[in-house]
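Visitor: What follows is a single structure, and I will ask about it in a moment.
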Amino acid sequence: MTARRLATIVTLLLLDALSPARAELGGASPAVAPAKSASQAAAPSPLAPSYLELADRLRGAGSYSECAVEALRHAYQHPTERQRGFDEAALCLSLAGRFDDAHRLMLALPAAGESLDGRGRFRVCLTEVFMPDVGAPACPDLVRSPSPDREDALGRHTLVMRAMHAMHWQEARALQSTSKAPPTVAAGSAAASADPTLSAWQEKDRALLNRYDALPRKSPLLAGALSAVVPGLGRVYIGRWQDGLVSFLLVGLSAVLSAQGFYEEGSHSVRGWILGSAGALLYVGNVYGSAVGAVVQRRDAEEALGQEVDREYRRRLEP
C-alpha cells in the first residue's frame with residue numbers, strides 16, 4: 001500500500017510538472033520526422049544522455065518544470081537512485097518557487113517506508129525555509145542526530161534561516177547564539193567549523209542580523225512631539241530634512257500671512273481666517289505625518305532587508 005501511495009504521489013507531481021511544458025508548446029502534436037537516407041541510417045547515433053543528465057541541462061537552461069519531469073523519470077527507471085532523482089526534482093521545483101510540491105515530494109519517501117539520506121533531509125529543511133505557514137515542520141526531527149554529518153549541520157542552520165526569512169529576528173538570533181542554542185546547533189561546533197559552506201552561511205546571516213540591529217529606530221511619539229514644538233523638526237529627526245524644511249516654510253508662511261490679515265483687517269478678516277485655517281491643517285498634518293513617517297521608515301527598511309534575505313536564501317538552494 002505504501003509503494004502504491006508513493007507511485008500515486010509521484011505520478012501526480014509528474015503530471016503537474018509536465019503541464020507547463022505542454023502549455024509552452026501550445027498543445028501542438030509532434031511533427032512527423034522525415035525519412036532518413038541510407039547514409040544517415042548507417043551512421044552511428046550519439047549516446048543519448050540519461051534522464052538525470054538531461055535534467056541537469058534543463059535546470060541550467062532555466063526549464064525547471066521539465067527538469068523535474070526528467071528527474072522523476074530517472075527515479076522511476078533507477079530504483080536504486082530514487083533519492084537522487086527525487087532530490088533533483090525537488091531542487092527544480094524549489095527553483096521554480098514550488099516549495100510546497102518539493103516538500104511533499106521529498107516527504108513521500110519516508111511516508112513510503114524509505115528513510116531519507118543526509119541530502120534528502122537537507123532538501124526538506126531548505127524547502128521549509130520558504131514555508132512559514134507549515135504547521136509542523138519536519139526539519140527539526142530529521143536533523144536531530146548526536147553525530148551529524150555535513151548535510152545535517154547545514155540542515156540545522158536552516159532553522160536560523162527559516163526564522164530570518166519569516167522576519168522573526170529575535171528568534172533567529174536566539175537560535176544562532178551558542179549560549180541559547182542546543183550544542184548540536186552551536187556555531188562553533190566541529191561540524192560548523194569544518195565546512196566552508198556552513199561557515200560562509202553563518203557569517204552572512206550574522207551580518208544580516210547586524211544590519212537588522214542597525215535599522216532606523218526613530219520614535220513616532222518623539223517625532224510628533226518635535227513637530228508640535230517646531231513645525232518640520234520631527235521630519236528632520238527621522239532624516240527627511242527637506243520635507244521638514246518645506247513643512248516649516250508652509251506652516252510658518254501661512255501663520256504669518258494669517259496674522260498679517262488679522263492685524264490689518266481685524267478679527268473679521270476673511271484672508272486671516274482662510275490662511276489661519278489652512279495653517280492649522282498644515283500644522284496638524286505635519287505632526288501626524290512626522291509620527292507616521294517614523295513608522296513607515298522602519299517598515300520600509302525591514303521590508304527591504306527581508307527582500308535581500310529572500311534573494312540570498314534562493315541562491316543557497318544549490319549549495
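The values are calculated or read from the model by the stated rules, or taken from the named source; none is laboratory data. Remember, predicted model here, so these are calculated numbers, not experimental data. All Cβ positions, even for glycine, are placed from backbone atoms using ideal geometry, and neighbour counts span all protein chains on display.
Visitor: Enumerate the pairs (first residue in the stretch 218-235 and of a type in the set (Val, Ile, Thr); second residue anywhere and part of a helix (DSSP H, G or I)) with beta-carbon separation below 8 Å, excluding pairs fewer than 6 apart on the same chain, so at least 6 apart or on different chains.
Guide: Listed by first residue and then by second, the contacts come to 230/248.
Visitor: Here is a list: 251, 229, 295. Which entry is among the hydrophobic types (A, V, I, L, M, F, W, C) and out of contact with any helix residue (DSSP H, G or I) (no Cβ under 7 Å at 6 or more places or on another chain)?
Guide: 229
Visitor: Still on this structure, I have one more. Take the stretch 105-117 and flag every residue that is in contact with a helix residue (DSSP H, G or I) (Cβ under 7 Å, 6 or more places away or on another chain) and free of Cβ contacts under 8 Å to residues at least 24 places away in the same chain.
Guide: If the condition is that a residue be in contact with a helix residue (DSSP H, G or I) (Cβ under 7 Å, 6 or more places away or on another chain) and free of Cβ contacts under 8 Å to residues at least 24 places away in the same chain, then 106 is the only one that fits.
Each row is one residue, and each column tells you yes or no for (1) surrounded by fewer than 14 Cβ atoms within 10 Å (Cβ to Cβ); (2) among the polar types (S, T, N, Q); (3) at pLDDT below 90.
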{"site": "197", "(1), (2), (3)": "yes, yes, yes"}
{"site": "200", "(1), (2), (3)": "yes, no, no"}
{"site": "203", "(1), (2), (3)": "yes, no, no"}
{"site": "227", "(1), (2), (3)": "no, yes, no"}
{"site": "248", "(1), (2), (3)": "no, no, yes"}
{"site": "251", "(1), (2), (3)": "no, no, yes"}
{"site": "257", "(1), (2), (3)": "no, no, yes"}
{"site": "265", "(1), (2), (3)": "yes, no, yes"}
{"site": "271", "(1), (2), (3)": "no, no, yes"}
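Visitor: Report the residue count in the stretch 276-287 for those that are more than 11 Å from residue 250 (Cα to Cα) and either outside the structural domain of residue 231 (by TED's automatic domain parsing) or surrounded by 14 or more Cβ atoms within 10 Å (Cβ to Cβ) (or both).
Guide: 3
Visitor: List, please: which pairs have Cβ atoms under 7 Å, are six or more places apart or on different chains, and start with a residue in the stretch 290-305 that is more than 16 Å from residue 166 (Cβ to Cβ) and end with one that is of a type in the set (Phe, Trp, Tyr)?
Guide: none
Visitor: Test of understanding: among 68, 102, which residue is touching a Ser or Thr at 6+ places or on another chain (Cβ under 7 Å) and part of a helix (DSSP H, G or I)?
Guide: Unique residue meeting the criteria: 102.
Visitor: Let me ask another. For residues that are touching a residue at least 24 places away in the same chain (Cβ under 8 Å), outside any helix (DSSP H, G or I) and within 14 Å of residue 107 (Cβ to Cβ), tally how many sit in the stretch 118-146.
Guide: Selection size over the stretch 118-146: 4.
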